[in-house]
Amino acid sequence: IGYELACRLYRAGKILVLVDREIGNLIGFGNNKVIKCDLANRIELDELIVELRGFDPDVLVNNAGIGFKAEFEKMTENQIQTTIEVNLVAPLKLAHALLPAIIKNHGTVVNIGSSAGYNPLPGMAEYAASKAFVISWSSALWHEVRGKCDVVTFSPSGTNTAFQKGAGVKNS
């Protein structure tokens, strides 16, 4: 989803700062800034935020997301922590750091939720709950910044992306 959105924005002539933990697929974006960052790593996230303060964005797309197909009691501590860091902490910290510029530019915060955030999802309960958080937070943030900038939440249903493979979900 994020890659396709970046391609469309690039073709529209937008200046991009692209962040991913795997940057090999981001080579074809010309002179746009590409930053390697594992959003599950709080130190790397904080370093990213410092680096992003040198930019004056009008749009932030919080697209990164991770989930694990496992009953909650069988999830590892690392899986739980990674889900919290990527799906909750990173969007909050990035929006908090960049919101002043986005407001100044009358821009937009785009948060990628999930249809799973509207329904319980046994076998991926923490993922669904984290996306419910994103949806609720986005709605509240929209009210707080209404008239100064926009907050948009996009909640796709199952999409054929690398997410399913990483989460252990079968593609069909």
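A few notes on this one:
- The residues of region 1-39 that are open to solvent by less than 30 Å² (accessible area, probe 1.4 Å), aliphatic (A, V, I, L, M) and within 23 Å of F154 (Cα to Cα), listed by number, are A6, L16, L18, L26, L39.
- Residues that are aliphatic (A, V, I, L, M), open to solvent by less than 20 Å² (accessible area, probe 1.4 Å) and under 16 Å from S157 (Cα atoms) within region 105-123 comprise I112, A116, listed in sequence order.
- Residue tally, condition among the small types (G, A, S) and either open to solvent by less than 30 Å² (accessible area, probe 1.4 Å) or farther than 25 Å from M124 by Cα (or both), over region 41-72: 3
- Checking each residue of region 29-45 against the condition of being closer than 27 Å to D150 by Cβ, touching a strand residue (DSSP E or B) at 6+ places or on another chain (Cβ under 6 Å) and among the aliphatic types (A, V, I, L, M) gives at least one match.
- Residue within region 79-92 that is open to solvent by 30 Å² or more (accessible area, probe 1.4 Å), in contact with a helix residue (DSSP H, G or I) (Cβ under 6 Å, 6 or more places away or on another chain) and in a helix (DSSP H, G or I) present: yes
- Pair list, Cβ < 9 Å and 6+ apart or interchain, from region 132-143 residues that are free of Cβ contacts under 8 Å to residues at least 12 places away in the same chain to residues that are part of a helix (DSSP H, G or I) and open to solvent by less than 40 Å² (accessible area, probe 1.4 Å): S136/G117
- Selection status of I112, within 27 Å of G13 (Cβ to Cβ), in contact (Cβ under 8 Å) with a residue 12 or more places away in the chain and among the β-branched types (V, I, T): yes
The values are calculated or read from the model by the stated rules, or taken from the named source; none is laboratory data. All figures in this text were calculated on a predicted structure; none of them were measured in a lab. No Cβ is skipped: glycine too gets one built from the backbone with ideal geometry, and neighbour counts run over all protein chains shown. Calculation scope for accessible area: heavy atoms of the full protein, side chains included, ligands and nucleic acids excluded. Shrake-Rupley method; radii C 1.70, N 1.55, O 1.52, S 1.80 Å.
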